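The values are calculated or read from the model by the stated rules, or taken from the named source; none is laboratory data. This structure is a prediction, so every number in the text was calculated from the model and none was measured. Cβ: placed from backbone, ideal geometry, glycine included. Neighbour counts: every protein chain shown. These area figures cover heavy atoms from the full protein model, side chains too; ligands, DNA and RNA do not enter into them. Shrake-Rupley method; radii C 1.70, N 1.55, O 1.52, S 1.80 Å.
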Amino acid sequence: MPKLEKLTDEARAFALASLPDWSAVADPDGIHRTFRFADFTEAFAFMTRVALHAERADHHPEWSNVYNRVTITLTTHDAGGLSERDIALARLIDGIVA
Ligand SMILES: C[C@H](O)[C@H](O)[C@H]1CNC2=NC(N)=NC(=O)C2=N1
């Protein structure tokens, strides 16, 4: 399982450079991405896939859904900020929508 500690500034910059569709957010300290789908069914199917992975990894997104739009913030509550677990989940999510 990826490490729980908050990423150093250097590790954070390195990770974000490889996740061009995600942007850093300050409160909570994490990363953010908005997804748009054809309709609610597509959006919810995506959320279901992410949810199953999140539960398996015991690492869960902060997210909301309005019709075909899903907004996700990834942050590690137990670390008080961005950790490798968020980076791993972001990569997994990118893989799902790719
Ligand atoms: C007890 C359980 O392992 C923890 O509460 C997990 C659950 N999911 C989590 N998800 C996220 N995003 N951050 C956490 O710190 C976290 N902790």
Quick one: dipole size for the chain, taken about the Cα centre, charges +1 on Lys/Arg Cβ and -1 on Asp/Glu Cβ, in debye to the nearest 20. 240
Expected max-MSF residue from Thr73, Thr48, Thr34 in the GNM of the chain (alpha carbon, under 10 Å) is Thr48
Leaving out ligands and nucleic acids, note down the accessible area per residue over the chain with a 1.4 angstrom probe, in whole Å². 59
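Over segment 1-64, calculate the relative contact order: mean separation of alpha carbon pairs under 8 Å at least 6 apart, over the residue count, as a percent.
Numbers: 21 pairs, mean separation 10.2, N = 64.
About 16 percent, as a whole number.
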With springs only between Cα atoms under 10 Å apart, run a GNM on the chain and tell me which of Ala88, Ala13, Ala26 wobbles the most. Ala26
Name the residue, out of Leu19, Leu82, Leu74, whose mean-square fluctuation peaks in a Gaussian network model built on the chain with Cα pairs under 10 Å. Leu19
Positive dipole terminus of the chain, leading residue within Val66, Ala17, Ala43 (C-beta point charges): Ala43
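For the chain, what is the Kirkwood estimate of the hydrodynamic radius, computed as the reciprocal of the mean inverse distance between distinct Cα atoms, to one decimal in Å? Kindly include the intermediate steps, with their values, before the conclusion.
Details: mean 1/r = 0.0738 Å⁻¹.
So the Kirkwood estimate lands at 13.5 Å.
Computing the accessible area with a 1.4 Å probe over protein heavy atoms, can you report the carbon and sulfur percentage for the chain?
Numbers: 3130 of 5800 Å².
Of the solvent-accessible surface of the chain, carbon and sulfur hold 54 percent.
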